[in-house]
Amino acid sequence: MQKLSTMLEVSRVTLLGYFQHLAKAKILNLLYSSEMNIKKLQKPDKIFVENPNIMDAMTLNTVNEGTKRECFIVNQLRQSHRVEYTKRGDFIVDGCYTIEVGGKSKDGKQVAGVDDAFIAADDIEYAYGNKIPLWAFGFLY
């Protein structure tokens, strides 16, 4: 009898192909860097499930709140906009707007000095400064 680990080996190319198929089926969201380089052709920089509710169904553990928030933002923005991974902030939308995702205490350190940068903040009721309530992105769908 073969070991389970050898039975489940999948090549890198096959795995990346599976990711592409799952993205086309709207099960995963694959984010690539906004930088133009060869790495963009190799693998995604971030992988999210399409719907943040699926994360709770897939685990017995508590899902990281920050990951849920980021998954929600990508899910809402991806319907009508190009969302890419960026080193400054969490996402860049349509190559123009930088979004940093966090809770109500999230400050702007990660996006300081970046033009057109916004904070998508959870647990706030209304927008102020460059902070936008996370719930408001739900109207984009």
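The values are calculated or read from the model by the stated rules, or taken from the named source; none is laboratory data. Just so we're clear, the structure is a prediction, and the values are computed from it rather than from any experiment. Don't worry about glycine lacking a Cβ; one is built from the backbone with ideal geometry, like all the others, and counts go over all protein chains shown. The accessibility values were calculated without ligands, DNA or RNA, using every heavy atom of the protein model including side chains. Shrake-Rupley method; radii C 1.70, N 1.55, O 1.52, S 1.80 Å.
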Item to check | For residue 117, distant residues with modelled amide H under 5 Å away | outcome: 98
Checklist entry - What is the spin-label model distance, in nm, from residue 96 to residue 21 if the labels are put 7 Å beyond Cα along the C-beta direction? => result 3.8
Item to check | the chain: angle of helix 65-77 to the longest principal axis, Cα-based, in degrees nearest 10 | outcome: 80
Checklist entry - In the Gaussian network model of the chain, springs joining C-alpha atoms below 10 Å, which of 75, 51, 64 carries the largest mean-square fluctuation? => result 64
Item to check | Cross-link pairs 46/68; 26/131; 46/106; 26/87; 68/104; 46/131 - those with Cα-Cα distance over 18 Å | outcome: 26/131; 46/106; 26/87; 46/131
Checklist entry - Each residue of segment 132-139 in order: what ³J(HN,Hα) in whole Hz does its phi give by Karplus 6.51 cos²θ - 1.76 cosθ + 1.60, θ = phi - 60°, with x for Gly and Pro? => result 10, x, 4, 4, 5, 5, x, 7
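Tell me the per residue accessible area of the chain using a 1.4 Å probe; a whole number in Å² is fine. Walk me through the intermediate numbers first.
Working: 9280 Å² over 141 residues.
I get 66 Å² per residue for this part.
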Checklist entry - residue 101's amide H: which non-local residues (gap 5+, or another chain) put their own amide H closer than 5 Å, with H modeled 1.01 Å from N in plane and none for Pro or chain starts? => result 90, 120
Next on the checklist: With every protein chain left in place and a probe of 1.4 Å, what is the accessible surface of residue 34, to the nearest 10 Å²?
Outcome noted: 40
Next on the checklist: I'd like the accessible area for residue 107, computed on protein heavy atoms only with a 1.4 Å probe and all protein chains in place. Round to 10 Å², please.
Outcome noted: 60
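Expressed as a whole percentage, what fraction of the accessible surface of segment 34-141 belongs to carbon and sulfur atoms when a 1.4 Å probe is rolled over the protein heavy atoms?
Values: 3380 of 6540 Å².
Carbon plus sulfur share of accessible area: 52 percent.
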Checklist outcome for this item: Helix 12-24 sits off the longest principal axis of the Cα atoms of the chain, rounded to the nearest 10 on a 0 to 90 degree scale, by 50
Item to check | Fluctuation leader among 108, 95, 129 - the chain, Gaussian network, Cα springs under 10 angstrom | outcome: 129
Checklist entry - Which residue, 76, 20, 42, tops the fluctuation ranking in a GNM of the chain built on C-alpha contacts under 10 Å? => result 42
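Arrange the residues 16, 8, 22 by how much accessible surface each exposes, largest first, with a 1.4 angstrom probe. Intermediate results must be reported in sequence, preceding the final value.
Values: 16 40, 8 115, 22 65 Å².
Descending accessible area places them as 8, 22, 16.
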Checklist entry - Can you pull the accessible area of residue 78 for me, 1.4 Å probe, Å² to the nearest 10? => result 80
Checklist entry - Spin-label point model (7 Å from Cα, Cβ direction): what's the residue 13 to residue 112 distance in nm? => result 4.7
